[in-house]
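The values are calculated or read from the model by the stated rules, or taken from the named source; none is laboratory data. Model, not experiment: these values are computed from the prediction. Because the Cβ atoms are built from the backbone with ideal geometry, glycine has one as well, and the counts that use them run over all protein chains shown.
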């Protein structure tokens with residue numbers, strides 16, 4: 001198994017609060033892996049450590065076999081890791097097309113130039129069109145992102161990650177705040193990206209229907225530690241997980 005991502009004994013404290021405590025995690029390249037847990041379990045802090053937004057007090061992070069523990073987020077992006085957030089990080093006053101164009105030009109080192117060579121401009125335009133089609137946003141290409149529905153803004157954010165050349169995509173609550181229809185559309189998009197683009201997905205999610213419908217493997221955090229890890233079926237049957245979520249063991 002080739003690892004897209006590996007974390008070894010990650011630990012992060014904020015004063016007396018031990019948010020992440022000795023967490024180890026392996027994500028196989030080409031897999032779909034979920035991280036779940038009750039509120040306050042340390043999930044978002046773990047993602048911040050993996051993406052480079054926070055430095056661990058102890059432990060190490062590896063990305064595609066390379067140690068990146070001390071690399072800043074932008075250098076991890078260049079190695080193929082991109083992240084989305086609970087609140088979409090997009091350019092709300094620009095159009096969908098302009099959002100994708102900015103990310104593509106930055107990824108190709110073209111952003112410092114006031115104009116582009118015809119070859120570069122055509123390559124960017126071609127990729128934008130391909131992304132719009134992949135994301136199902138062709139008809140909204142000229143719409144200002146801030147005017148779009150919440151679900152569409154989340155999809156634009158995924159498009160920014162793809163524009164930056166993501167091989168591993170960290171998704172923090174990708175369906176939070178979505179309607180049932182938006183949730184279904186997002187899950188189907190992620191399945192396509194995984195199946196047809198070969199992108200490795202690691203996501204945090206509270207909606208268990210999404211988790212069990214998408215993930216191949218699940219890691220459960222509780223009080224900053226790994227409580228359990230396994231297939232969705234094994235996790236669903238784990239009495240420790242049931243107790244962590246419900247406060248008691250559910251039998252039957």
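Values for this structure:
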{"read-out": "When residues of the range 49-87 are limited to those that are assigned to a strand (DSSP E or B) and touching a helix residue (DSSP H, G or I) at 6+ places or on another chain (Cβ under 9 Å), the one farthest from residue 172 (Cα to Cα)", "value": "59"}
{"read-out": "Contacts under 6 angstrom Cβ, first residue in the range 56-71 being at positive phi and at pLDDT 95 or above, partner outside any loop (DSSP other than H, G, I, E, B) and surrounded by fewer than 16 Cβ atoms within 10 Å (Cβ to Cβ), 6 or more apart", "value": "59/9"}
{"read-out": "Residue within the range 35-44 that is under 14 Å from the mean Cα position of the chain (by Cα), surrounded by fewer than 17 Cβ atoms within 10 Å (Cβ to Cβ), outside any helix (DSSP H, G or I) and modelled with pLDDT of 95 or more present", "value": "no"}
{"read-out": "Residue satisfying all of: in the range 165-189; buried (at least 18 other Cβ atoms within 10 Å of the Cβ) and in contact (Cβ under 8 Å) with a residue 60 or more places away in the chain; farthest from the chain's Cα centre (by Cα) among these", "value": "166"}
{"read-out": "Checklist (1) farther than 21 Å from residue 196 by Cβ; (2) touching a strand residue (DSSP E or B) at 6+ places or on another chain (Cβ under 7 Å); (3) modelled with pLDDT of 90 or more applied to residue 153, failing item", "value": "(2)"}
{"read-out": "Conditions (1) within 29 Å of residue 232 (Cβ to Cβ); (2) buried (at least 18 other Cβ atoms within 10 Å of the Cβ); (3) at pLDDT below 90: number failed by residue 105", "value": "(1)"}
{"read-out": "Breaking point among (1) over 18 Å from residue 221 (Cα atoms); (2) surrounded by fewer than 19 Cβ atoms within 10 Å (Cβ to Cβ); (3) over 15 Å from the mean Cα position of the chain (by Cα), for residue 99", "value": "(2)"}
{"read-out": "Scan of the range 65-96 for residues that are exposed (fewer than 15 other Cβ atoms within 10 Å of the Cβ) and over 30 Å from residue 3 (Cβ atoms), ordered by number", "value": "92, 93"}
